[in-house]
Amino acid sequence: MKRYLYTISLFVLVNCVPSLNEKERIQLYEAGIHLMHNHPQSKLRYATGLPPEIKDLGPSRVYLRDEGLYIVTFSFFVEEHGFFIPRAKNNENNLSEHGDPSYKHIGNGVYRFRIKG
């Protein structure tokens with residue numbers, strides 16, 4: 001029974017980040033770059049005034065750090081999942097799938113991220 005519950009929980013966690021087609025990724029990337037350009041301060045948190053391309057994802061929160069823009073679509077205690085758009089100055093080669101946080105490039109400058117906490 002425990003194994004069954006674990007499998008169900010894992011399935012829910014893996015599927016909590018919406019899928020995006022190529023057009024949606026391009027629009028999300030452009031909206032993210034525009035947001036970072038207009039608000040260059042690090043650690044700025046957004047609650048309102050988000051572009052529709054970001055707002056339509058239904059994020060629980062959106063925040064900016066030195067490395068880029070985080071769009072959180074799922075959080076549970078300290079764990080977070082969502083989309084990430086790196087700053088232009090950030091070296092994308094430093095974005096690993098095997099760290100914490102982990103980043104997986106899904107195309108058009110957009111990444112899925114996971115922070116285990």
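The values are calculated or read from the model by the stated rules, or taken from the named source; none is laboratory data. Please read these numbers as outputs of a predicted model, since none were measured by experiment. Neighbour counts are summed over all protein chains in view; Cβ atoms, including those assigned to glycine, are modelled from backbone coordinates with ideal geometry.
Of note:
- From K23, K104, K2, residue being charged (D, E, K, R) and modelled with pLDDT under 75: K2
- Residue match in the stretch 30-40 (condition: in a loop (DSSP other than H, G, I, E, B) and either under 19 Å from Y103 (Cα atoms) or modelled with pLDDT of 75 or more (or both)): yes
- Criterion: touching a residue at least 60 places away in the same chain (Cβ under 8 Å), among the β-branched types (V, I, T) and under 15 Å from L28 (Cα atoms) - qualifying residue of V110, V72: V110
- Residue that is modelled with the lowest pLDDT, among those in the stretch 44-54 that are surrounded by 12 or more Cβ atoms within 10 Å (Cβ to Cβ) and out of contact with any Gly (no Cβ under 9 Å at 6 or more places or on another chain): L44
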